[in-house]
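K.L.:
Before we start, here is the structure in question, set down as structure tokens.
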Amino acid sequence: MNATPSSTPSSTLTFTAEQQLDDDVLERRFTLDDIPGFLWTPASATPAAPAPLILLGQPGGLGMDRMYPRLAGRARHTASAGIATVALEAPGAGSRPPLPGADQARADLRTALAAGEPVPDDVVDRLVLPLVDRSVPEWRSALDALLALPEVDGPVGYSGGVIAVGVRLAVVEPRIVAAGLFAGSYVPRSTVDEARRVTIPVHVLLQWDDEGNDRQAALDLFDAFGSTEKTLQANLGGHTGVPAFAGDDAGRFFARHLR
């Protein structure tokens, strides 16, 4: 598959460390300009047989060091299907400088939740949209650099959260052909509008009893997707209670569309 470059300025990808994991997955640390990241490639990925790629989304604000065990676990599971994965440090997370206004938005969110009140749209917008606006161009620059590697090729998928980031990427990035989204974060109203423009296959995971998520907002977002192939998998349990078989189902979704 020939990569279609994004319109974002070119970035420099520099590998800084690597290790071979015990299941023959090659893990490489890199920087994209000054943004840290990880690339995991299966042993089957070679210039003669390059691997498709999944972008691993992660919760905003936690940082890759804290998320590493979960990210590496997802990467190794995906590598078993012959698919490479990449993670980027999100804006405002880890060692990256905080996003302007993010701390105040989080404080306003906690105030609303403590009072048992609905979270105002303005708070959701201030919390989520700056992250989307910064993350999406960075992901597109990462795609430009990674798809130039001989052992990595398309098609490309997006997996995880923040769900608003995945929705925006599905709208603006033609190299992404499938999205597996975790409905575990707040959804700006503008994201629902963007979802109507999404036409690629979508697999949405919803934890029915997620204490920090607006279930109805997640259902409204799913309903808004313009895709002719879209699946909602809802399981009982809280935010961190995702059953293992849900990951297997998402893996089959990506294998169907990327392999």
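K.L.:
Quick one: Cα centre-to-centre distance for segment 174-221 and segment 231-259, in angstrom?
P.N.:
14
K.L.:
When averaged across all projection directions, what area in nm² does the alpha-carbon convex hull of segment 192-259 cover?
P.N.:
On the way: hull surface 19.0 nm².
Mean shadow area of the hull around the Cα atoms is 4.8 nm².
K.L.:
To continue, here is another question. Would you please give the residues with an amide H less than 5 Å from that of residue 184, counting only those at least 5 places away or on a separate chain, with H modeled from the backbone geometry?
P.N.:
163
K.L.:
Follow-up. If I build a Gaussian network model for the chain, linking alpha-carbon pairs within less than 10 angstrom, which residue out of 181, 113, 143 has the largest mean-square fluctuation?
P.N.:
Between 181, 113, 143, it is 113 that shows the largest mean-square fluctuation.
K.L.:
Provide the per-residue ³J(HN,Hα) series for segment 15-20, in order, calculated from phi with Karplus coefficients 6.51, -1.76, 1.60 and θ = phi - 60°, each as a whole number of Hz, with x at glycine and proline positions.
P.N.:
Each residue of segment 15-20 in turn: 7, 10, 6, 8, 8, 8 Hz.
K.L.:
If you don't mind, another one. Say we join alpha carbon atoms closer than 10 Å with springs in a Gaussian network model of the chain; which of 127, 147, 109 then has the biggest fluctuation?
P.N.:
109
K.L.:
Sequence gap at least 6, Cα distance under 8 Å: using those rules, report the relative contact order of segment 26-113 to the nearest whole percent.
P.N.:
Values: 119 pairs, mean separation 27.2, N = 88.
Once divided by the residue count of segment 26-113, the mean separation gives 31 percent.
K.L.:
Which residue, chosen from 152, 72, 170, occupies the Cα position most advanced towards the positive end of the dipole of segment 42-191, where the dipole is computed from +1 (Lys, Arg) and -1 (Asp, Glu) charges on Cβ about the Cα centre?
P.N.:
72
K.L.:
Using θ = phi - 60° and the Karplus curve 6.51 cos²θ - 1.76 cosθ + 1.60, what whole-Hz ³J(HN,Hα) does each residue of segment 29-37 get, with Gly and Pro shown as x?
P.N.:
In residue order, the calculated couplings are 7, 8, 10, 9, 6, 10, 9, x, x Hz.
K.L.:
One-quarter of the Cα convex hull surface for segment 130-259, in nm²?
P.N.:
So the mean shadow area of the Cα hull is 7.8 nm².
K.L.:
Counting alpha carbon pairs within less than 8 Å and at least 6 residues apart, what relative contact order, in whole percent, applies to segment 189-254?
P.N.:
42
K.L.:
Could I ask something else about it? Applying the Karplus parametrisation 6.51 cos²θ - 1.76 cosθ + 1.60 with θ = phi - 60° to the phi angles of segment 217-232, what ³J(HN,Hα) value in whole Hz is obtained for each residue in order, glycine and proline being reported as x?
P.N.:
After applying 6.51 cos²θ - 1.76 cosθ + 1.60, I find 5, 5, 5, 5, 5, 4, 4, 6, 3, x, 5, 7, 10, 9, 10, 10 Hz.
K.L.:
Quick check for me: using +1 on Lys/Arg Cβ and -1 on Asp/Glu Cβ, what's the dipole size of the chain about its Cα centre, in debye to the nearest 20?
P.N.:
The dipole magnitude comes to about 340 debye.
K.L.:
Any idea what the relative contact order of the chain is, in percent, if you count C-alpha pairs under 8 Å spaced at least 6 apart?
P.N.:
Values: 501 pairs, mean separation 44.6, N = 259.
Reported as a whole number, the value is 17 percent.
K.L.:
Separation of segment 25-97 and segment 117-144 by C-alpha centroid, Å?
P.N.:
One Cα centre to the other: 20 Å.
K.L.:
Compare the peptides 134-140, 153-159 by average per-residue count of other Cβ atoms within 10 angstrom and give them in order, highest first.
P.N.:
Packing proxy ranking, top to bottom: 153-159, 134-140.
K.L.:
So if I average 1/r over every pair of distinct C-alpha atoms in segment 42-120 and take the inverse, what Kirkwood radius in Å does that give?
P.N.:
One decimal place: 15.1 Å for the Kirkwood radius.
K.L.:
May I ask you to work out the translational diffusion coefficient for the chain at 37 °C, viscosity 0.692 mPa s, via Stokes-Einstein with Rh from the Kirkwood sum over Cα pairs, reported in whole µm²/s?
P.N.:
This corresponds to a translational diffusion coefficient of 177 µm²/s.
Every read-out reported here was derived from the displayed coordinates using simple, explicitly stated rules and does not represent laboratory data. Everything numeric in this text was worked out from a predicted model, so none of it was measured. All Cβ positions, even for glycine, are placed from backbone atoms using ideal geometry, and neighbour counts span all protein chains on display.
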